[in-house]
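A short write-up of the structure that comes next.
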Amino acid sequence: MNKALKLILSIPLIVLCCWIIFHATKIALADISHYPLKYFIEKLKPTELPDLKILEKLQEKIQYSIDLRPNSAEYLEYIGRIYYLKALRQQRAASFEIRSKAQNSFRLALNAHIKATKLRPKWPYSWANLALIKSHLKEFDQQFLNAIDLAIKNGPWEIASNNAISQAGFNSWQELDASYKTKVVSALERVYQQRKSTAIGILNYYQRQGEVCSLIEDEDFLREKSCEL
């Protein structure tokens with residue numbers, strides 16, 4: 001085999017290697033860019049609300065990751081959470097101009113979580129956060145109820161998922177029937193069994209002790225001061 005023929009036959013292999021290197025580099029850059037946000041979300045307390053400037057910087061990082069890997073359910077999940085936190089912060093702003101942007105941020109968060117559930121339908125966090133966003137939008141429809149059910153089904157003991165289910169349920173408490181109220185309280189109990197301070201913090205934040213504690217079955221939880229109020 002002469003050199004020219006060898007060169008021609010090696011071209012597809014060279015192209016393939018270049019393609020692999022290119023995509024591996026994209027994946028690496030995307031992951032590096034999203035690590036600060038991942039760490040930030042993991043350390044964030046359930047009712048903690050960061051400053052808008054911090055959220056804007058984190059949004060830029062995760063958007064860069066999404067630009068590199070637009071079909072990553074994980075990245076869409078993270079940007080959905082950032083939009084959600086921005087919406088909460090915008091709602092509390094003194095400026096009407098900033099407050100008026102909250103609804104759009106909630107909608108962007110919802111769309112991100114919907115896309116994430118389509119890409120990874122068994123990922124409980126996206127379903128739980130989808131329900132949480134819809135509770136803020138006051139969309140207590142079948143999609144909202146399905147999201148709660150699927151979050152429970154796919155991640156019954158995932159603390160972040162149960163955290164979001166609890167908050168979604170407390171936001172929509174008056175709209176829920178008895179069966180879904182029980183599901184929400186059970187999610188809060190599962191949070192308590194893994195991280196007591198988080199569950200107590202959620203209960204205290206939403207101030208629904210009178211309704212919620214009567215449904216709690218965990219005896220240790222019932223003995224907490226929050227349920228003695």
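General observations
- Restriction of the chymotrypsin sites (Phe, Trp or Tyr not before Pro) in segment 71-177 to DSSP coil positions whose beta-carbon has at most 13 other beta-carbons within 10 angstrom yields TRP157.
- In a DSSP loop and with at most 12 other Cβ atoms within 10 Å, the trypsin sites (Lys or Arg not before Pro) in segment 92-132 are ARG92, LYS122.
- Prolate/oblate/rounded label for segment 69-197 (Cα gyration tensor, a/c 1.5): oblate
- Calculated SAXS-style log₁₀ I(q)/I(0) at q = 0.12 Å⁻¹ - segment 138-229, Debye, Cα scatterers: -0.32
- Phi-derived couplings, Karplus 6.51 cos²θ - 1.76 cosθ + 1.60 at θ = phi - 60°, listed residue by residue for segment 138-143: 6, 9, 8, 9, 5, 4 Hz, with x used for Gly and Pro.
- The distance separating the Cα centre of segment 169-229 from that of segment 66-82 comes to 31 Å.
- Under 13 Å, Cβ to Cβ, from CYS213 - net charge with Lys/Arg +1 and Asp/Glu -1: -4
- Straight-line cross-link partners of LYS183 among the aspartates and glutamates, defined as a Cα under 17 Å from its Cα and at least 8 positions apart when in the same chain: ASP141, ASP149, GLU158, GLU175, GLU211, GLU217, ASP218.
- Which listed pairs, of LYS45/LYS196; LYS57/LYS196; LYS43/LYS86, have C-alpha distances above 20 Å, in listed order: LYS57/LYS196
Throughout, read-outs are computed from the coordinates displayed, never taken from laboratory work. As the structure is a prediction and not an experimental result, all values here were calculated from the model. Ideal geometry is used to build each Cβ from the backbone, glycine not excepted, and the neighbour counts take in all protein chains shown.
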